[in-house]
Amino acid sequence: MDIEGILAIGGFWLVILVLVLKKPISTLLEQSKVRQAEIAALNDRIQKMEGLLASVTEDCNRVNHELGELKQTADFSHKLLREHQRSLESIQSAQLAQSVKILEPTQPGDKGIPGGSQPRMLNSNAPKAEDFGKVINEHTIRFERTFNTSRERLWSYITETPNLSAWLADGFIEDQFGGRVELVFSANQPPDRQGQDTKIRGLVSHCEANKSLAFSWIDTENQLESLVSIELVDAGEQTKLILTHSRLPHSKMHEVMASWHAHLDILMARVRNIMPPDFVERFREVIQVYITIVATVAISATPVSAAGTTDYQSISADRSHLMVKYDNLWREVDTLQRDMSTLKRDSSNDAKKELDQINNDLKDRYRDLQQLEYQIRDLDKALKN
């Protein structure tokens, strides 16, 4: 075979080879271009993510810096607040230490209290400085006492009627949300009750068995509405009682504090099963101390315009009207409960129907009482502002 034949055969197979490989090679080139585009897009996304990450890092650093500044400001504010609180406690402690000297025993030659009688000699049951209450603000007081007993036993002295009357007053506190509160303080107890028993009524706004209780404290005769909360906290094998009485008129705070002090001293004795102090004597022993303690609270007097005086009188009149309505509602509740007690002794079907109706009426009265309490509180806020 000559060279031309060989070249012809080679050219033929070369053409065949090109035709066969053309499509795979084209496909491979196209795939290569797609991969390059994908790589380019991926690189672009990576760059964008790197930029976003850098921006987020910058924002995080800025936020951390701002948080650091806020923390420093908060720490400084908290420090100022603590210093102010320690200063107030120091003033009250100093006043208490000075006032409690009234209770110290005197020698025969001492002159005693100016304008008053000789102080009584102290005994082992005398009031202790650490038992005195504190003024939290212009309308709030607080007592903290530690009892050598369990929370459950101390709770029974608050919510069980026989135990309650042994240290506070005749009456009851229903330990459930919306429960009734009714306490009757003897006319013979100070402060001066003008020969009449004082009836305190209210509704329970919070109750957690063996832990905490809050209820309204409404004296309809004197048109005073306030709030009482009691918290029981474990203190090792003992129990700490924290009693807070808020929304008090400033003019009555020293009397309320002396009363609570005497009642808590009696409670302490009851829990310890020892002879309790006489309420009247204890009240008189500590009242002068509380007059001094309350006097340390600065009252800022704001001038009232003529328009402000008119508004105040209007709000006071509305409040008096609500208090009368509140007292009348409680009288209706008392009547309904007496009727209920009578009907419970009757087993007839008619009596059962009447009992159901009375139950519904009582629910309506309690709901109305709670609504009135909210309205009275709103008016109290308006009066204070």
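The values are calculated or read from the model by the stated rules, or taken from the named source; none is laboratory data. Note that the coordinates shown come from a computational prediction; the quantities given were computed from them, not determined experimentally. For neighbour counting, all protein chains shown are included, and Cβ atoms are generated from backbone atoms with ideal geometry for every residue, glycine included.
Structure notes:
- Filter result for Thr140 (on the phi < 0 side of the Ramachandran plot and at pLDDT 95 or above): no
- Val204 vs. criteria modelled with pLDDT of 90 or more, within 25 Å of the chain's Cα centre (by Cα), under 21 Å from Tyr326 (Cβ atoms) and not assigned by TED's automatic domain parsing to the domain that holds Leu369: yes
- Subset of the stretch 221-259 (residues that are of a type in the set (S, T, N, Q) and either in the same structural domain as Gln370 (by TED's automatic domain parsing) or touching a Lys or Arg at 6+ places or on another chain (Cβ under 7 Å) (or both)): Ser226, Thr239, Thr244
- Residue list for the stretch 138-154, filter: within 19 Å of Ala262 (Cα to Cα) and either surrounded by fewer than 15 Cβ atoms within 10 Å (Cβ to Cβ) or out of contact with any His (no Cβ under 6 Å at 6 or more places or on another chain) (or both): Thr140, Arg142, Phe143, Glu144, Arg145, Thr146, Phe147, Asn148, Leu154
- Where Asp311 falls short, out of the listed (1) in contact with a helix residue (DSSP H, G or I) (Cβ under 9 Å, 6 or more places away or on another chain); (2) assigned to a helix (DSSP H, G or I); (3) modelled with pLDDT of 80 or more: (3)
- Set Asp219, Asp234: member being in contact with a helix residue (DSSP H, G or I) (Cβ under 9 Å, 6 or more places away or on another chain) and surrounded by fewer than 19 Cβ atoms within 10 Å (Cβ to Cβ): Asp234
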